1. Which of the residues that make up region 15-29 are open to solvent by 70 Å² or more (accessible area, probe 1.4 Å) and closer than 21 Å to ASP67 by Cβ?
2. Which is among the small types (Gly, Ala, Ser), under 12 Å from TYR5 (Cβ atoms), surrounded by 14 or more Cβ atoms within 10 Å (Cβ to Cβ) and out of contact with any Pro (no Cβ under 7 Å at 6 or more places or on another chain), of ALA73, ALA45, ALA32?
3. Assuming LEU7 fulfils every condition listed in (1) part of a helix (DSSP H, G or I); (2) surrounded by 13 or more Cβ atoms within 10 Å (Cβ to Cβ) apart from one, which condition is it?
4. Between a residue in region 1-30 that is of a type in the set (Lys, Arg) and any residue that is assigned to a loop (DSSP other than H, G, I, E, B) and open to solvent by less than 50 Å² (accessible area, probe 1.4 Å), which pairs come within a Cβ distance under 8 Å, given they are 6 or more apart or on different chains?
5. Filter region 52-66 for residues that are open to solvent by 90 Å² or more (accessible area, probe 1.4 Å) and either modelled with pLDDT under 95 or charged (D, E, K, R) (or both) and give the result.
6. LEU43 - would you say it is part of a helix (DSSP H, G or I), under 19 Å from VAL63 (Cα atoms) and either at pLDDT 95 or above or within 11 Å of the chain's Cα centre (by Cα) (or both)?
7. What pairs can you find where one residue is in region 47-73 and part of a strand (DSSP E or B), the other is of a type in the set (D, E, K, R) and surrounded by 13 or more Cβ atoms within 10 Å (Cβ to Cβ), and their Cβ atoms are less than 8 Å apart, with a gap of 6+ or different chains?
8. If CYS12 passes every condition in (1) surrounded by 15 or more Cβ atoms within 10 Å (Cβ to Cβ); (2) at pLDDT below 95 but one, which one does it miss?
Amino acid sequence: MKRVYKLEGLDCADCAAKLERKLAAIEGITSANINFMTLKCTLEAEAEKMNEIIEKAMEIIKVEQPDVEVKRA
């Protein structure tokens, strides 16, 4: 299952790369990609674990980039 989010306020390509690595490390994620040019974050995981994974991902984003607003794309 794939989910795409818009990361409004992400203003650093290095920060996007670091965030992408942290999201990819979440257990159950099969793919995590952040496109800095479009500010889109794409997460792929098994459907039955998706809600739990999204919660963990949102926590990581809030800690790492507190000024970023996450919206469903």
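1. Looking only at region 15-29, we keep the residues that are open to solvent by 70 Å² or more (accessible area, probe 1.4 Å), and these are 18, 21-22, 25, 27.
Listed by number, the residues that qualify are LYS18, ARG21, LYS22.
2. On the way: ALA73 fails: surrounded by 14 or more Cβ atoms within 10 Å (Cβ to Cβ); ALA45 fails: under 12 Å from TYR5 (Cβ atoms).
The conditions single out ALA32.
3. Single failed check for LEU7: (1).
4. So the pair list comes out as LYS6/LEU39.
5. The answer is GLU52, GLU55, GLU59, LYS62.
6. Numbers: part of a helix (DSSP H, G or I): no; under 19 Å from VAL63 (Cα atoms): yes; either at pLDDT 95 or above or within 11 Å of the chain's Cα centre (by Cα) (or both): yes.
Criteria not met by LEU43.
7. From residues that are part of a strand (DSSP E or B), the pairs are VAL70/LYS6; LYS71/LYS6; ARG72/ARG3; ARG72/LYS6.
8. (1)
The values are calculated or read from the model by the stated rules, or taken from the named source; none is laboratory data. On a predicted model such as this, the values are computed, not experimentally measured, just so you know. All Cβ positions, even for glycine, are placed from backbone atoms using ideal geometry, and neighbour counts span all protein chains on display. To get the accessible areas, we keep the full protein, side chains included, count just its heavy atoms, and leave off ligands, DNA and RNA. Shrake-Rupley method; radii C 1.70, N 1.55, O 1.52, S 1.80 Å.
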